[in-house]
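Q: Dumping the structure here so I can ask a few things about it.
The values are calculated or read from the model by the stated rules, or taken from the named source; none is laboratory data. For clarity, every value in this text was computed on a predicted model and none was experimentally measured. Neighbour counts are summed over all protein chains in view; Cβ atoms, including those assigned to glycine, are modelled from backbone coordinates with ideal geometry. We work out accessible area using only protein heavy atoms, side chains counted, and drop any ligands, DNA or RNA first. Shrake-Rupley method; radii C 1.70, N 1.55, O 1.52, S 1.80 Å.
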Amino acid sequence: MRYYPVHSGYPSYTEVNRAIEAVFAEHGRGDVQMPPKVYVAFIGDGDFRTMPAYLPKLALAGVKIVNVNPHNRVRGLPTVMALTVVIDVETGAPKAIINATELTAMRTGAAGAVAARYLAPRQTITLGVIGAGRQTEALVEATIAALSVEEIRVWSRTEKSAEAFAARYTDYNSRSVPIEHACDCDVLTTATPSTTPLVMAEWIHEGTHINAIGADAPGKQELDPALLLKGEVFVDDPCQAIHSGEINVPISTGRYDPDQIAGTLGEVVTGKKGRSSPDAITIFDSTGLAIQDLAIAALAIQNGDGYELPFP
C-alpha cells in the first residue's frame, strides 16, 4: 500500500476535467455503485462525511472521508480536509491512501467545468463568480481549461477578498463588482456556505448557465427558489441533491418538486438530456460524488510519488 501526501502528483485541470467527464458518463449509463454520502454532525459546528463508490469498468473502488469545519480558518486550517482510500477490487486490500484535501477542490471545480462545457449556450464566455475562496479558484481554473473565458466578474461578502481574487486573473479582465453585476454573465459559479439565498431570480438573464456549488449539506442554499422554478435544474445525483444540494431547502419548504429536476449531469454528458433552448436558464446542482474522488485519486496515483506503507 502506498501513501500519497499533500503535494504528490497533482494532475492538470485538463486531465481532471477529462477524467471527471468520463465518470459522469459512467454514472449516466448506470454503470456505478454509489450509495449516498453519509453525514455525521459534530456537537457544536462542522461534520464529516463518508463517500464510498465502485466503478466496475474502470476497476476503481474506495471511500473518501471528508470533513467540513467552517471555523477552521481562524485555526489556520482548511475548512475542508479529506482522505481517500483506494481498494484493490480483486482482493479488497487497500492499495493507496491519498491526502485528498486539494484534490477535493479540483474535482469539484472540474464538475462545474464539465457542466458549463455541455450546458452553456456558447463556448466563449463571461464568467461570474460568487465567493472568493479556494473552491472558487478551482472552479475558475477548471473552467478556463474547458472554455474560452473573456472576462471574470467577482463578488465576495468581503470586498478585499474579491479584489485579491480578481488580481490573480488580470489576464482574463477580472475585476471586483457588485453582486448584481457578477450575475450578468454567461456562466455563473456560486461557491459559498450560505444558508440564505444570495442570487436573485431577477438578476439572471436568459441563456445563463449556473453552477450551484456551495450547497452541499442540509440547510444550505445560495439561489432564490424562484430561480429554480424559472430554470432547468440538472443534478449530479438525485438522492444527494434532494437531501443536501441547492434544491434541498426549497423541497423541504414545498417550493420545489423533485419531479421538476431536468436530469443528471451524467445524462447530459451521454446525450440523453440537455438544455431545451439557447434562451433557457440552466442550473447544475453539485453535491460532490464519490466517483469523482475515485477518478482524481487514480490520476494522483498515476502522476504521484507515493511511498510504501506496511500492510497488512
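Q: With the requirement that a residue be open to solvent by less than 60 Å² (accessible area, probe 1.4 Å), in a loop (DSSP other than H, G, I, E, B) and either hydroxyl-bearing (Ser, Thr, Tyr) or over 19 Å from PHE284 (Cβ atoms) (or both), what does the stretch 176-192 give you?
A: Within the stretch 176-192, VAL177, THR192 meet the criteria.
Q: Something else now. Please work out which residue is nearest to ASP186 (Cα to Cα), limiting yourself to the stretch 136-171 and to residues that are crowded, with 24+ Cβ neighbours inside 10 Å and among the polar types (S, T, N, Q).
A: Checked the stretch 136-171; the qualifying residue nearest to ASP186 (Cα to Cα) is THR143.
Q: Can you find even one residue in the stretch 112-119 that is closer than 23 Å to MET34 by Cβ, open to solvent by 20 Å² or more (accessible area, probe 1.4 Å) and touching a strand residue (DSSP E or B) at 6+ places or on another chain (Cβ under 8 Å)?
A: No, every residue in the stretch 112-119 fails to be closer than 23 Å to MET34 by Cβ, open to solvent by 20 Å² or more (accessible area, probe 1.4 Å) and touching a strand residue (DSSP E or B) at 6+ places or on another chain (Cβ under 8 Å).
Q: Moving to a separate point now. Which of the residues spanning the stretch 43-54 are among the hydrophobic types (A, V, I, L, M, F, W, C) and either open to solvent by less than 70 Å² (accessible area, probe 1.4 Å) or at positive phi (or both)?
A: The answer is PHE48, MET51, ALA53.
Q: Would you confirm whether any residue within the stretch 143-153 is out of contact with any Pro (no Cβ under 7 Å at 6 or more places or on another chain), of a type outside the set (Ser, Thr, Tyr), within 30 Å of GLY46 (Cα to Cα) and touching a residue at least 24 places away in the same chain (Cβ under 8 Å)?
A: No, the stretch 143-153 contains no residue that is out of contact with any Pro (no Cβ under 7 Å at 6 or more places or on another chain), of a type outside the set (Ser, Thr, Tyr), within 30 Å of GLY46 (Cα to Cα) and touching a residue at least 24 places away in the same chain (Cβ under 8 Å).
Q: Right, here's the next one. Would you confirm whether or not the stretch 219-226 contains a residue that is over 21 Å from MET106 (Cβ atoms) and aliphatic (A, V, I, L, M)?
A: The answer is yes, given that some residue of the stretch 219-226 is over 21 Å from MET106 (Cβ atoms) and aliphatic (A, V, I, L, M).
Q: Can you give me the number of residues within the stretch 53-69 that are over 17 Å from the mean Cα position of the chain (by Cα) and under 14 Å from PHE42 (Cβ atoms)?
A: Residues that pass the stated criteria total 1.
Q: Go through the stretch 26-39 and give me each residue that's at pLDDT 95 or above, assigned to a loop (DSSP other than H, G, I, E, B) and open to solvent by less than 60 Å² (accessible area, probe 1.4 Å).
A: If the condition is that a residue be at pLDDT 95 or above, assigned to a loop (DSSP other than H, G, I, E, B) and open to solvent by less than 60 Å² (accessible area, probe 1.4 Å), then GLY30, ASP31, VAL32, MET34 are the ones that fit.
Matching residues to (1) of a type outside the set (A, V, I, L, M); (2) surrounded by fewer than 18 Cβ atoms within 10 Å (Cβ to Cβ):
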residue	(1), (2)
TYR10	yes, yes
ALA19	no, no
ALA41	no, yes
PRO56	yes, yes
LEU60	no, no
HIS71	yes, yes
VAL74	no, yes
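Q: Consider ALA111 carefully, then state whether it is within 29 Å of ASN173 (Cα to Cα) and either touching a helix residue (DSSP H, G or I) at 6+ places or on another chain (Cβ under 7 Å) or modelled with pLDDT under 90 (or both).
A: yes
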